Each structure stands twice: as structure tokens, then as C-alpha cells.
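The structure under discussion appears below in the form of C-alpha cells.
The values are calculated or read from the model by the stated rules, or taken from the named source; none is laboratory data. The model shown is predicted, which means the values in this text are computed figures rather than measured ones. Cβ placement follows ideal geometry from the backbone for every residue including glycine, while neighbour counts extend to all protein chains displayed.
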Amino acid sequence: MMPCRFAVHSLSDTSFHIDLFVDTDGKSNLRTFEIGSEYCESLLKIIKNQNPVFYFSELPADSRSIPVVEKKTHRRIYMEFEGKIQENRGNLRHLVYGQIKIIIKNPKYLLVK
């Protein structure tokens, strides 16, 4: 299992998405995945109602499967950072820390166990 962090990345007053930062080894840049804003409510319900363990899949497993898009890696500071992002790139607000299992190379869906 690897530590992970979910954070809301607000680009403007009406535009946002969720960034999922994954610490794969305690020293490298963070693998980063974007979750669309349309999945925010369902993700928050999952987080609120249980202490979930997340894992990735190449195919959806059930109706709670959430599509993710891998982005370029981010600096380690983003595992803790909260606030305004430099160069007018929006704001980052912490949601929750968790654990995630990555067993495939090209994740397409976030699943909850």
C-alpha cells in the first residue's frame, strides 16, 4: 500500500477537479491523477461513509468506479501543500489522506475496496 492524498484543485470560482497524489516510494516525485468535478460528490460520499482503501484498474469494476487521467508527476511538496499555486494556476485544498494499491502500469479507473 502507498500513501495518497486527495485535494480539490480550483482553477476559478466555477472550475475545479480533484487531484490524487500518490507517493510511490517516499522519495520520487508524486504520481498524479485527475478526477473530474462530476465525480466529486460520489467520491466525497465514499470517503465520508467509510475508511476506504483505493486501488486502480484498467476497467470499471462496478458503478462506484471513477475514471482517472494520469498527469505529469508533481513535486513532493504537493503531498502537504495547501493554498494558492504560483503563476496563477489556481488553489489547492486538502480533502483526505488515504492508502492506495497500484498493481497495474496504466490506471484508468479508481476503485474502492
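Has the stretch 53-66 got any residue that is among the hydroxyl-bearing types (S, T, Y), surrounded by 16 or more Cβ atoms within 10 Å (Cβ to Cβ), assigned to a strand (DSSP E or B) and touching a residue at least 12 places away in the same chain (Cβ under 8 Å)?
The answer is yes; a qualifying residue exists.
So, in the stretch 4-21, how many residues would count as being among the β-branched types (V, I, T), closer than 17 Å to F81 by Cβ and surrounded by fewer than 21 Cβ atoms within 10 Å (Cβ to Cβ)?
Applying the first criterion (among the β-branched types (V, I, T)) to the stretch 4-21 yields 8, 14, 18.
With closer than 17 Å to F81 by Cβ added as a condition, the list becomes 8, 18.
Now narrow it down to the ones that are surrounded by fewer than 21 Cβ atoms within 10 Å (Cβ to Cβ): 8.
Total satisfying the criteria: 1.
In the stretch 1-18, which residues are of a type outside the set (S, T, N, Q) and either under 10 Å from G90 (Cβ atoms) or out of contact with any Asp or Glu (no Cβ under 9 Å at 6 or more places or on another chain) (or both)?
Correct list: M1, V8, H9, L11, D13, F16, H17.
Rundown of residues vs (1) acidic (D, E); (2) surrounded by fewer than 15 Cβ atoms within 10 Å (Cβ to Cβ); (3) in a strand (DSSP E or B); (4) modelled with pLDDT of 90 or more, yes/no style:
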position: K72; (1), (2), (3), (4): no, yes, yes, yes
position: Y78; (1), (2), (3), (4): no, no, no, yes
position: R89; (1), (2), (3), (4): no, yes, no, no
position: Q99; (1), (2), (3), (4): no, yes, yes, no
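Within the stretch 22-32, which residues are of a type outside the set (D, E) and surrounded by 14 or more Cβ atoms within 10 Å (Cβ to Cβ)?
Within the stretch 22-32, V22, T24, N29, L30, R31, T32 qualify.
For the stretch 33-49, give me each residue that is over 16 Å from R93 (Cβ atoms) and either modelled with pLDDT of 90 or more or surrounded by 10 or more Cβ atoms within 10 Å (Cβ to Cβ) (or both).
F33, G36, E38, Y39, S42, K45, I46
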